Amino acid sequence: MKRIVVLISGTGSNMLAIQEACKQGRVAGQVVAVIANKASAKGLEKAAAQGIDTEVLSHQAFDSREAYDAELKVLIDSYQPDLVVLAGFMRILTGDLTRHFEGRMLNIHPSLLPKYKGVNTHQRALDAGDKEHGVSVHFVTEELDGGPVILQAKVPVFDGDTADDLQARVHEQEHRIYPLVVNWFCQGRLALQGGRAVLDGQVLGESGYA
Ligand code: GAR
């Protein structure tokens, strides 16, 4: 069983989707810890209710991003994870941290990358008049939301949609695709090689298996 550490800042619905998939045998791994950068992250209670170890490492207790990430690295490493999963962890990571976990850290981002890196992705898709929107799972590299994409799911944008409508539609897809990708990694089928995502020996293109 691969050891998975999940990092969250918020509700933790993706964390829970991965945990459920582990319990049901759809992911060949085990969530060994959930770490949040805020004590108020709702996902902490959900993780604790699942019997998962939880940790809070508040970024507010640190003077610099570098100091925080150095401590975060030690905390994550203390769980000896095979895989680190960012699931709504709303922090920009230092190169030191991303290099340390290179090839074994995944992120989910609520847009069809490379579109809309950063925040407010749903509103930005609406403002641009996009007819489709979606979500991407990618390997984490030093470039924010810029690592190689592994898998994307698209959703339609309907007339009259609000950002909340879109977010809900995207969330459904997130819960479907993130466990799938985590399982590929846990099964040893997915790797970061030469800066590209490789699944079953095949290099994935810009938009993965979309
Ligand atoms: C998810 O929609 C995820 O894609 C997004 O945060 C949400 C967390 O939801 N991540 C980012 O925006 C990262 N840039 P959750 O806490 O319910 O899993």
Mean ellipticity per residue at 222 nm, deg cm²/dmol - from DSSP H runs of n ≥ 4 across the chain, formula -39500 (n - 2.57): -10000 deg cm²/dmol
Residues with beta-carbon under 12 Å from that of residue 108, excluding residue 108: net charge, scoring Lys, Arg +1 and Asp, Glu -1? -1
What is the gain in length, in nm to one decimal, between residue 187 and residue 117 on full extension, counting 0.36 nm per residue of separation less the C-alpha to C-alpha distance? 22.3 nm
Viscosity 1.567 mPa s, temperature 4 °C: what is the translational diffusion coefficient of the chain from Stokes-Einstein with a Kirkwood Rh over Cα pairs, rounded to a whole number of µm²/s? 75
Only Cα pairs under 8 Å and at least 6 apart count here; give the relative contact order of the chain as a rounded whole percent. 20
Cβ charges +1 (Lys, Arg) and -1 (Asp, Glu), total dipole of the chain, debye: 480
For the range 1-113, the Cα-Cα pair-distance distribution in 10 Å bins from 0, as whole percents, is 14, 50, 32, 4, 0
Run the numbers for residue 131 and residue 42: contour at 0.36 nm per residue of separation, minus the present Cα-Cα distance, in nm. 28.9 nm
Please give me the summed charge of the neighbours of residue 82: other residues whose Cβ is under 9 Å from its Cβ, Lys and Arg +1, Asp and Glu -1. +3
Under-25-angstrom lysine pairs by C-alpha in the range 1-125, whenever the two are 8 or more apart or on separate chains: 12
Test of understanding: what is the full-extension gain from residue 30 to residue 196, defined as 0.36 nm times their sequence separation minus their Cα-Cα distance? 57.2 nm
How far is the Cα center of the range 33-53 from the Cα center of the range 93-158, in Å? 23
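Computed from the coordinates by the stated procedures, all read-outs in this text should not be read as laboratory data. All figures in this text were calculated on a predicted structure; none of them were measured in a lab. A quick note on method: Cβ atoms are made from the backbone with ideal geometry, for glycine too, and the neighbour counts reach across all protein chains shown.
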